[in-house]
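What follows draws every value from the coordinates through simple rules; no lab data is involved. Every value quoted in this text rests on a predicted model; they were computed, and no experiment measured them.
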Amino acid sequence: MSCAAGKTYNINGVERTVPTPETTADVNVCNATKILENLHKGFTEEYSTTTLDANKDKPSYYLRNQPTSNSNADRINRFYNTMAPANGGTINDDDYKKMISVIMKGAEDTGVTYDTIPSTITGLTDFSTQSPEFKGIYGLNKVVEILDTKTNTLLTGITTTITADANSGDAISKYNQRSDIKNTLEEIAYRENQIYREKFLNIILIVVGIILVGSQLTQKFFSGGGGAGGGAGLGGSFGFGLGGSGGLFSRFGGLGLGSSGRSHFDIGNLFKNSSYTLKQR
């Protein structure tokens, strides 16, 4: 059985139809979809008492709760019952071998080949037909293997075609070069921004440190017991005389900007000996 022109199939809830004229790819997609639908049904279908015996070779017979028998609708999990140590099941029991065989290859087998891959499935290479050999976990694995091979072949063909058609100066190579240049410029810009942020943070820390040190020196040595002696802010601490006479440098000659009587315009006074001492008078 195989898909052909006009055959409908479903992908993600969307119904599709094999076009006319059909192509090999159209037939493969349709057949693969049908095979996967049958596999899904074989692993998940729930049976009734009237359909139970006809589906004993389906993985779902063991993997989900099913009727106890064709005359008893009570549900039982045969996988659990077979594997439970309390039931005494071992690898040498026919029930155990039959269960493993049905789950792995969709057939009841209690012989030495109960867990081996059927030879009828190893040679499958495409989805030209909806082969009934795609059963159980081995069948699902073969579907994935073929899909992977077909996908790699398709992608390799697309890449080869693009390379062969790129006769106007190796378009792919030039695209890769532009991509590398773009990535390099982005990395340079990122590093520059990082450096600028670090420098700006260092400047802020230096300013904060100057303010804290200036405040501490002012309070410890020149507050006169009552603060900054009228000098307000950072300017007062460094003798800029912006409103008081308590500047840090006003007592050493000043810079000539304050209102203190000791301030002089002559900046040379900064380097002259001073009789000023830190002792209280």
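General remarks:
- Considering only Cα atoms, the convex hull volume of segment 73-151 works out to 124 Å³ per residue.
- Multiplying each eigenvalue of the alpha-carbon gyration tensor of segment 8-165 by 5 and taking the square root yields semi-axes of 37, 19, 12 Å, largest first, rounded to whole angstroms.
- Each residue of segment 127-138 is assigned a 3J(HN,Hα), and the resulting list reads 10, 5, 9, 8, 4, x, 6, 6, 9, x, 5, 4 Hz, derived from the Karplus form 6.51 cos²θ - 1.76 cosθ + 1.60 (θ = phi - 60°), x at Gly and Pro.
- Mean Cα-pair separation over length for segment 8-165, i.e. relative contact order, pairs under 8 Å, 6 or more apart, %: 19 percent
- In this structure, the residue pairs whose Cα-Cα separation is over 20 Å, taken from Lys41/Lys97; Lys58/Lys105; Lys34/Lys58; Lys199/Lys220; Lys58/Lys98, are Lys41/Lys97; Lys199/Lys220.
- Under 5 Å, built H, 5+ apart or other chain: amide partners of Arg16: Tyr9, Asn10, Ile11
- In Hz, Karplus ³J(HN,Hα) per residue of segment 41-47 (6.51, -1.76, 1.60; θ = phi - 60°; x = Gly, Pro): 5, x, 8, 10, 5, 9, 9
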